[in-house]
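Peer 1: Submitted below is the structure of interest, expressed as structure tokens.
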Amino acid sequence: MAVAGTELADGWALEGGAVTFDAAPADGAAVTAGFLFDVPVRFAEDSIEASLQGWRAGEVPSAPIIEVREA
């Protein structure tokens, strides 16, 4: 989390998908955030086409994946 371009190490919490601040940011201050998401996926197909076009080099044009949703 950052307020007006200054990163905040504390003073905020992430609860149920909402960010709560201990003290409200100043009016008009830009609030920004960056988060990483861990999404389980699997390959969409049983095989992947690849070509060896050069020495120690390979190319995989695409490897389609599908999100694995919890049931």
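Peer 1: State yes or no: is LEU36 under 23 Å from ILE65 (Cβ atoms) and among the aliphatic types (A, V, I, L, M)?
Peer 2: yes
Peer 1: If I go through the stretch 29-61 residue by residue, how many of them are at pLDDT below 95, part of a loop (DSSP other than H, G, I, E, B) and small (Gly, Ala, Ser)?
Peer 2: Residues meeting the conditions: 5.
Peer 1: A further question follows. Among what's in the stretch 23-44 and is aliphatic (A, V, I, L, M) and closer than 11 Å to VAL3 by Cα, pick the residue that is nearest to the chain's Cα centre (by Cα).
Peer 2: ALA33
The values are calculated or read from the model by the stated rules, or taken from the named source; none is laboratory data. Just so it is clear, the model here is predicted, and its values are computed rather than measured. All Cβ positions, even for glycine, are placed from backbone atoms using ideal geometry, and neighbour counts span all protein chains on display.
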